[in-house]
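One structure is given below, encoded as structure tokens.
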Amino acid sequence: MNQEICTLIQNLNRNNIAANFVNSREELPGLLKSLIPVGSTIGCGDSVTLEQTGIFEWLRNGEYCFYDKFVPGLSKEQKRKIYLDNFSADFFISGTNAVTMNGEIFNIDGNGSRVAPMLYGPKQVIIVIGSNKITSDIDSAIKRTRQIAAPLDAKRLGKNTPCTSLLRCIDCKHKERICNDFVLITGQFIKDRIRVIIINEKLGY
């Protein structure tokens, strides 16, 4: 673990946010198993990082009650119920767009279903990031998310926004715009309710 990661963990802790570091994605399931009791209810947010690390599949095959929003054929109302159930889950697991060196967590969201449970509801929130999500400050977190993550995510989701062809944000007003909710978490009242797990790899957008 280098000095930058040590400083980041210290700053997260100062903001009442817990933090862990693992060298590779292979270490992630073991850490999660140590943190999440068998039988826990678990919700999740959209996350390329969690897809790449195989965590969604791990949850499906684990001894947990996983609120799986990715089940094929779910109706709009069934998905909405899962989004609402996430608020009462024991754990909510997600990626994030950026974590600043000051220990702040930044996200841009489309409909709020990912960021809302981070803010309130679940007893514990676990955010998994690759080292590429670490930024120097809030301004660089916003720039990274708008100019790198959001265009790639809009393209992944099949949106027709200008950024999917330009691969950069032009602050569009398109009806399919996914940059609707800008959320910065600077700390927590409840110590360690949010936990950030840093993986020493480049993951997600």
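Here, each number is a calculation from the coordinates, and none is a lab measurement. Computed from a predicted structure; not experimentally measured. Counting neighbours? That spans all protein chains shown, and the Cβs are built from the backbone with ideal geometry, glycine included.
What the table below lists for this structure:
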read-out	value
Which listed pairs, of Lys175/Lys202; Lys155/Lys202; Lys33/Lys123; Lys79/Lys159; Lys33/Lys69, have C-alpha distances above 24 Å, in listed order	Lys175/Lys202
Cut-off under 5 Å, modelled amide H: who pairs with Ile197 long-range	Asn20, Ile127, Val128, Ile129
Qualifying trypsin sites (Lys or Arg not before Pro) for the range 117-192 [loop in DSSP, other Cβ within 10 Å: at most 13]	Lys123, Arg168, Lys173, Lys175, Lys191
Helical mean residue ellipticity (222 nm; -39500 (n - 2.57) per DSSP H run of 4+; nearest 500) of the chain	-8000 deg cm²/dmol
Measure of compaction for the range 46-205 (Cα Rg per 2.2 N^0.38 Å)	1.03
Under 5 Å, built H, 5+ apart or other chain: amide partners of Gln124	Phe91, Phe92
Derived scalar couplings ³J(HN,Hα) [the range 188-205; Karplus, 6.51 cos²θ - 1.76 cosθ + 1.60; whole Hz; x for Gly, Pro]	9, 5, 8, 4, 6, 4, 9, 10, 9, 10, 9, 9, 6, 8, 8, 9, x, 9
Stokes-Einstein D (µm²/s) once Rh is taken as the Kirkwood radius of the range 86-126 over alpha-carbon pairs, at 4 °C in 1.567 mPa s	120 µm²/s
Interchain or long-range residues, amide H under 5 Å from Cys65's placed H	Gly39, Ser40, Thr41, Ile42
HN-Hα J in Hz across the range 131-138 - Karplus 6.51, -1.76, 1.60, θ = phi - 60°, x for Gly and Pro	5, 5, 8, 7, 10, 6, 7, 5
Shape call, the range 87-181: gyration tensor on alpha carbons, a/c limit 1.5	oblate
The range 57-81-the range 142-160 distance, computed between alpha-carbon centres (Å)	24 Å
Per-residue HN-Hα couplings for the range 169-176 [Karplus 6.51, -1.76, 1.60; θ = phi - 60°; Hz; x = Gly/Pro]	7, 10, 6, 6, 10, 5, 5, 9
Counting DSSP beta bridges with both ends in the chain, the antiparallel % (nearest 5)	25 percent
Spatial extent of the range 143-205: Rg and Dmax, with the Cα atoms as the point set, Å	14.7, 42
